[in-house]
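For reference, the structure is listed below as structure tokens.
The values are calculated or read from the model by the stated rules, or taken from the named source; none is laboratory data. Since this is a predicted model, take the numbers as computed values, not measurements. Note: ideal-geometry Cβ built from the backbone for every residue, glycine included; neighbour counts use all protein chains shown. These accessible areas exclude ligands, DNA and RNA; they are computed on the full protein's heavy atoms, side chains included. Shrake-Rupley method; radii C 1.70, N 1.55, O 1.52, S 1.80 Å.
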Amino acid sequence: MEQKKTVIVTGFEPFGEHAVNASWVAVQELEKLGLGHHINLHVAEVPVEYQAVQRLLPSLWKQQLPQLVVHVGVSGMASTVTLEQCGHNQGYMRLDNCSFCPESRCCLEGGPDCIQSVIDMDTVCKRVNSSSLGVSVSVSKDAGRYLCDYTYYTSLFLGEGRSAFVHVPPLGKPYSSEQLARALRAVILEMLELMEHSEGKKHCMHDQ
């Protein structure tokens, strides 16, 4: 029997002007949709706190042994569903929900400046945009040096690149939570497809 793949998808708790965090609402909608019967989907809400991220992510990777971890965050500046290609190690100065920020201003002291996802986000973007989804997808290389970027970098490091980050716009600007969930589902299934086809090719993430 084919073993089920495990995919973890996370959203964030409310913060700042986002009294309702579109990312967690969309992830909960995605949980209702599922990713198909051959994929175990686990969802989790991530606190907007640097130290909580450092505690939570290693346990997610270790306990579930996922093929892929996708983090979803909200961006007030986004009007598309935005796929982030890489996470950054340095430049974290903005205070979190506990009014804390890392003294070192970085995720991992001595870590690489930037870690790329093993997934080619441009390819995922093209494939989803050419489908009749009705939600516009774009690609970015700057996840914003706050908890989104911090979480992504940490996850890319722990998962040796087998992670993705998706920024969604606030609810209703212009998409509903159902539309965002359908977009997330389409994006994640394309990511898994790409990963399956590149498994023969070994990626070394830490030389970049």
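Just one of (1) over 15 Å from Cys148 (Cβ atoms); (2) in contact (Cβ under 8 Å) with a residue 60 or more places away in the chain; (3) open to solvent by 20 Å² or more (accessible area, probe 1.4 Å) fails for Gly76. It is (1). Taking the condition touching a Gly at 6+ places or on another chain (Cβ under 8 Å) and buried (at least 20 other Cβ atoms within 10 Å of the Cβ), does Val124 pass? For Val124, the condition - touching a Gly at 6+ places or on another chain (Cβ under 8 Å) and buried (at least 20 other Cβ atoms within 10 Å of the Cβ) - is not met.
In the condition set (1) open to solvent by less than 60 Å² (accessible area, probe 1.4 Å); (2) under 18 Å from Ser23 (Cα atoms), Cys107 is compliant with all but (2). Number of residues in the stretch 57-73 that are farther than 25 Å from Cys98 by Cβ and loosely packed, with under 15 Cβ neighbours inside 10 Å: the value is 1. Selection of first residues in the stretch 136-150 that are closer than 27 Å to Ala52 by Cα and of second residues that are of a type in the set (Val, Ile, Thr), restricted to Cβ pairs under 8 Å at least 6 apart or on distinct chains, gives the following pairs, ordered by first then second residue: Ser140/Thr82; Leu147/Val46; Leu147/Val48; Leu147/Val53; Tyr150/Val53. Evaluate the following for Ala164: is it touching a residue at least 12 places away in the same chain (Cβ under 8 Å), buried (at least 17 other Cβ atoms within 10 Å of the Cβ), under 13 Å from the mean Cα position of the chain (by Cα) and under 24 Å from Leu57 (Cα atoms)? When the stated conditions are applied, Ala164 passes them. Scan the stretch 138-150 and give yes if some residue there is surrounded by fewer than 17 Cβ atoms within 10 Å (Cβ to Cβ), at pLDDT below 95 and over 17 Å from Leu68 (Cβ atoms), otherwise no. Checked against the condition, which is being surrounded by fewer than 17 Cβ atoms within 10 Å (Cβ to Cβ), at pLDDT below 95 and over 17 Å from Leu68 (Cβ atoms), the stretch 138-150 yields no hits at all. Could you list all residues from the stretch 19-43 that are more than 16 Å from Arg182 (Cβ to Cβ) and either of a type in the set (Phe, Trp, Tyr) or open to solvent by 20 Å² or more (accessible area, probe 1.4 Å) (or both)? Once the filter is applied, which keeps residues that are more than 16 Å from Arg182 (Cβ to Cβ) and either of a type in the set (Phe, Trp, Tyr) or open to solvent by 20 Å² or more (accessible area, probe 1.4 Å) (or both), the stretch 19-43 yields Ala19, Val20, Trp24, His37, His38, Asn40, His42. All conditions but one from (1) farther than 23 Å from Pro169 by Cβ; (2) open to solvent by 20 Å² or more (accessible area, probe 1.4 Å); (3) touching a Lys or Arg at 6+ places or on another chain (Cβ under 9 Å) apply to His88; the one that does not is (1). For the stretch 44-56, which positions are touching a strand residue (DSSP E or B) at 6+ places or on another chain (Cβ under 8 Å), assigned to a helix (DSSP H, G or I) and buried (at least 20 other Cβ atoms within 10 Å of the Cβ)? If the condition is that a residue be touching a strand residue (DSSP E or B) at 6+ places or on another chain (Cβ under 8 Å), assigned to a helix (DSSP H, G or I) and buried (at least 20 other Cβ atoms within 10 Å of the Cβ), then Val53 is the only one that fits.
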